[in-house]
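Undergrad: The structure's right below; bear with me while I get my questions together.
The values are calculated or read from the model by the stated rules, or taken from the named source; none is laboratory data. Given the structure is predicted, the values throughout are model-derived calculations rather than measurements. Side chains are part of the model used for accessible areas, which takes the heavy atoms of the whole protein and leaves out ligands, DNA and RNA. Shrake-Rupley method; radii C 1.70, N 1.55, O 1.52, S 1.80 Å.
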Amino acid sequence: MIEISVVIPYYNESSTISKTLNLIGKQSHKPNEVIFVNSSSTDFTSEIIDLWIENQLDNNSTRYLNIYSNSKTPSSSKNIGIKKSNSDWIAFMDCGLFFSKNWLKDSVTLLK
């Protein structure tokens, strides 16, 4: 089984983060972990993510982290997510994008 982490940097995404969370939660291939990296956000995105993570704990084996970083760029936030990851493979996702529920499954199939 391929272990995969999803790293999602964010900055002031309170208007789009719910869509991203919903799509991550519906993946047909569950990631081993999802690491959200706060890139010095000044809105309520972090609180929205924390609440969503709390609601996932009882019914999911995926590990969720919401990390605050003092980074100013998505690339430096991605590097922080890579360092915190425990998986062999890492996938990156940006907030506000539409991706299918088979996004990770299709990626793992390609890797195999």
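Undergrad: Rolling a 1.4 Å sphere over the protein heavy atoms, what is the accessible area per residue of the stretch 1-49, to the nearest Å²?
TA: About 39 Å² of surface per residue is accessible.
Undergrad: Leaving out ligands, DNA and RNA but keeping every protein chain, what accessible area does Trp89 have, in Å² rounded to the nearest 10, with a 1.4 Å probe?
TA: The value for Trp89 is about 120 Å².
Undergrad: Would you mind checking which residues have amide H under 5 Å from Ser40's amide H? H placed 1.01 Å from N; only 5 or more apart, or other chain.
TA: Under 5 Å from the amide H of Ser40: Ser69, Ser71.
Undergrad: At 1.4 Å probe size, put Asp88, Asp106 in order of accessible surface, largest to smallest.
TA: These residues rank, largest area first, as Asp88, Asp106.
Undergrad: Gaussian network model of the chain, Cα springs within a sub-10 Å range: biggest mean-square fluctuation belongs to which of Asn38, Asn66, Asn22?
TA: Fluctuation is largest for Asn22.
Undergrad: I'd like the accessible area for Leu97, computed on protein heavy atoms only with a 1.4 Å probe and all protein chains in place. Round to 10 Å², please.
TA: My reading of the accessible area for Leu97 is about 80 Å².
Undergrad: Please report, in whole Å, how far the alpha carbons of the chain spread along each principal axis, starting with the longest.
TA: 39, 26, 25
Undergrad: Keeping all protein chains in place and using 1.4 angstrom, which order do Phe99, Phe36, Phe44, Phe92 fall into by accessible surface area, from largest down?
TA: Phe44, Phe92, Phe99, Phe36
Undergrad: Still on this structure: On the protein heavy atoms, probe 1.4 angstrom, tell me the percent of accessible surface of the chain carried by carbon and sulfur.
TA: 52
Undergrad: Could you list which residues have their amide H under 5 Å from that of Val7, counting only those 5 or more apart in sequence or on another chain, with H placed in the peptide plane?
TA: Ile35, Ala91, Phe92, Met93
Undergrad: Now a separate question. So, taking all protein chains as they sit and a 1.4 Å probe, how much accessible area belongs to Lys84, in Å² rounded to tens?
TA: 100
Undergrad: Give the ranking of Tyr64, Tyr10 by solvent-accessible surface, highest area first, calculated with a 1.4 Å probe.
TA: Largest accessible area first, the list is Tyr64, Tyr10.
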